[in-house]
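S.K.: Encoded as structure tokens, here's the structure I'll be asking about.
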Amino acid sequence: MKILFKELSAKPFEVKGSVKNLKKTYAIQLKLANMQEASEQNPIESLNNVMEALNELSAYIVDILHLSKPQQEKLEDLSQDDLTRITQYLNMRLMGMSDADIEKAQAKADSEEEGLA
């Protein structure tokens with residue numbers, strides 16, 4: 001599948017929907033879930049978890065998209081929100097969701113957040 005991240009490249013990336021990439025996707029989700037579960041730690045451990053999560057997310061994106069060194073530098077210059085958004089989009093696409101499915105899921109999540117406010 002072709003996936004475009006304008007922040008990283010003018011050309012779309014070719015991403016294989018392989019079992020190998022799906023395993024990597026579930027592994028990063030599990031890692032992040034475990035870190036969230038352990039969020040009630042002391043401040044030093046919490047900061048270590050955030051640093052580890054950022055490193056893990058970056059490594060996942062680099063691995064899945066096969067980023068070049070200049071693209072990796074662009075990735076490092078992104079905000080935490082952009083890094084998370086790219087990771088989530090990759091996760092959803094590799095798990096079989098179409099762009100339309102992703103838009104529906106995001107719209108639903110946004111409306112639920114508005115309901116909580």
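The values are calculated or read from the model by the stated rules, or taken from the named source; none is laboratory data. Every value quoted in this text rests on a predicted model; they were computed, and no experiment measured them. Don't worry about glycine lacking a Cβ; one is built from the backbone with ideal geometry, like all the others, and counts go over all protein chains shown.
S.K.: Going by the conditions given, is residue 29 of a type outside the set (Phe, Trp, Tyr) and either touching a strand residue (DSSP E or B) at 6+ places or on another chain (Cβ under 6 Å) or closer than 18 Å to residue 91 by Cα (or both)? Show your work before the answer.
M.R.: Numbers: of a type outside the set (Phe, Trp, Tyr): yes; either touching a strand residue (DSSP E or B) at 6+ places or on another chain (Cβ under 6 Å) or closer than 18 Å to residue 91 by Cα (or both): yes.
Yes, satisfied.
S.K.: Does residue 78 meet the test of being modelled with pLDDT of 95 or more, outside any helix (DSSP H, G or I), touching a Leu at 6+ places or on another chain (Cβ under 8 Å) and surrounded by 11 or more Cβ atoms within 10 Å (Cβ to Cβ)?
M.R.: So residue 78 fails the test.
S.K.: Next up: For the range 73-89, check the following and say yes or no: at least one residue is at positive phi and in contact (Cβ under 8 Å) with a residue 12 or more places away in the chain.
M.R.: no
S.K.: Could you tell me which of the residues 42, 49 is touching a helix residue (DSSP H, G or I) at 6+ places or on another chain (Cβ under 6 Å) and over 15 Å from residue 89 (Cα atoms)? First the steps, then the outcome.
M.R.: Working: 42 fails: touching a helix residue (DSSP H, G or I) at 6+ places or on another chain (Cβ under 6 Å).
Sole residue among the options that is touching a helix residue (DSSP H, G or I) at 6+ places or on another chain (Cβ under 6 Å) and over 15 Å from residue 89 (Cα atoms): 49.
S.K.: For the subset of the range 1-25 comprising residues that are part of a strand (DSSP E or B) and without any contact (Cβ under 8 Å) to a residue 24 or more places away in the chain, which member is surrounded by the most Cβ atoms within 10 Å (Cβ to Cβ)? Full working, then the answer.
M.R.: From the range 1-25, those part of a strand (DSSP E or B) are 2-3, 13-14; that's our starting set.
Still in the list and also without any contact (Cβ under 8 Å) to a residue 24 or more places away in the chain: 2, 14.
Details: 2: 8, 14: 10.
Ranking the qualifying residues of the range 1-25, first place goes to 14.
S.K.: Yes or no: the range 35-46 includes at least one residue that is within 21 Å of residue 81 (Cα to Cα), out of contact with any Pro (no Cβ under 6 Å at 6 or more places or on another chain), modelled with pLDDT under 90 and of a type in the set (Ser, Thr, Tyr).
M.R.: Yes, the conditions are met somewhere in the range 35-46.
S.K.: Now for a separate question. Confirm whether residue 110 is in a helix (DSSP H, G or I), surrounded by fewer than 13 Cβ atoms within 10 Å (Cβ to Cβ) and at pLDDT 90 or above.
M.R.: Working: in a helix (DSSP H, G or I): yes; surrounded by fewer than 13 Cβ atoms within 10 Å (Cβ to Cβ): yes; at pLDDT 90 or above: no.
So residue 110 fails the test.
S.K.: I want to confirm something. Restricting to the range 88-107 and keeping residues that are in a loop (DSSP other than H, G, I, E, B) and either polar (S, T, N, Q) or in contact with a Leu (Cβ under 8 Å, 6 or more places away or on another chain) (or both), which single residue is farthest from residue 61 (Cα to Cα)? Don't jump to the end; show me each part of the working.
M.R.: Going residue by residue through the range 88-107, those that are in a loop (DSSP other than H, G, I, E, B) are 95-98.
Keeping just the survivors that are either polar (S, T, N, Q) or in contact with a Leu (Cβ under 8 Å, 6 or more places away or on another chain) (or both) gives 95, 98.
Values: 95: 15, 98: 19 Å.
Once the filter is applied, the top-ranked residue is 98.
S.K.: Can you tell me which residue is surrounded by the fewest Cβ atoms within 10 Å (Cβ to Cβ) among those in the range 36-75 that are part of a helix (DSSP H, G or I) and among the acidic types (Asp, Glu)?
M.R.: If we filter the range 36-75 for residues that are part of a helix (DSSP H, G or I), which is where we start, we get 36-37, 43-65, 69-75.
Of the ones still in play, those that are also among the acidic types (Asp, Glu) are 37, 45, 52, 56, 63, 73.
Details: 37: 8, 45: 12, 52: 13, 56: 16, 63: 12, 73: 11.
Within the range 36-75, the match that is surrounded by the fewest Cβ atoms within 10 Å (Cβ to Cβ) is 37.
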